[in-house]
Amino acid sequence: MHVQEWLETVPAVAVYALVGLVIGLESLGIPLPGEIILVSSALLASQHGEIDPVVLGASATAGAIIGDSIGYAIGRKGGRPLLAWLGNKFPKHFSEGHIATAERSFEKWGMWAVFFGRFVALLRIFAGPLAGVLRMPYWKFAIANVLGGILWAGGTTAVIYYVGIVAESWLKRFSWLGLVAAVLVGLTSMLVLKRKAKKANQNLEAAAPQVP
């Protein structure tokens, strides 16, 4: 079943809780489709009045900030052995090459890696635990974590919600053509910041040593 179709079958409170939980676990370091859940929920909110976009955005933001904070605490306590354990459990996401790339990003960008990491799938999973492992000063981490969580989670919710509203209005007049155009325009604007953040990460990834 499609994610959005499944979300339509559960109460609004369950949607808020699910969004916060999935994004929180992803931010903590567990590879989960947080962005997919958030986008699907925001689109659903634009079509059904039962789901409040403000509460949805707040739930997503809280999950992102709390999850990253827990990940930081775990990383700080577990150290590098934690990364080795994660590599065994999730080799696709926590391979030595990925870890090396993320470490280079942190060494070059510091707290900005945490902030912009929200917009890059790889760094979104790594940011909290790796910041703790590398013992980034907590005040720097906290500032980047809070601001990044608000901008990514809250911003994504707002953009997708209003794209859905506009798309529904256009749909009544221009059928599916209006829907496709509205979604493309909205997603393009949302991805501008994400692409800028990803560009720096790609450069570092190309320079990272290849692990046999």
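Give me the net charge of Leu25's neighbourhood, meaning all other residues with Cβ under 12 Å from the Cβ of Leu25; Lys, Arg count +1, Asp, Glu -1.
Combined, the nearby Lys, Arg, Asp and Glu give -1.
Could you sort 127-134, 13-20 so that the peptide with the highest average Cβ count within 10 Å comes first and the rest follow in order?
127-134, 13-20
If I compute solvent accessible area with a 1.4 Å probe over the protein chains, what percent of it on the range 28-90 is carbon and sulfur?
Working: 2010 of 2890 Å².
Whole-percent figure for carbon plus sulfur exposure: 69.
Using the heavy atoms of the protein chains alone and a 1.4 angstrom probe, what is the accessible area of the range 1-64 per residue in square angstrom?
Details: 2790 Å² over 64 residues.
I get 44 Å² per residue for the range 1-64.
Using a 1.4 angstrom probe with every protein chain in place, what is the largest-first accessible-area order of Ile143, Ile23, Ile37, Ile66?
Accessible-area ranking of Ile143, Ile23, Ile37, Ile66, largest first: Ile66, Ile143, Ile37, Ile23.
The values are calculated or read from the model by the stated rules, or taken from the named source; none is laboratory data. Model, not experiment: these values are computed from the prediction. Methodologically, a virtual Cβ is constructed for each residue, glycine included, from the backbone with ideal geometry; neighbour enumeration extends over all protein chains shown. Keep in mind that these areas ignore ligands, DNA and RNA; they rest on the heavy atoms of the full protein, side chains included. Shrake-Rupley method; radii C 1.70, N 1.55, O 1.52, S 1.80 Å.
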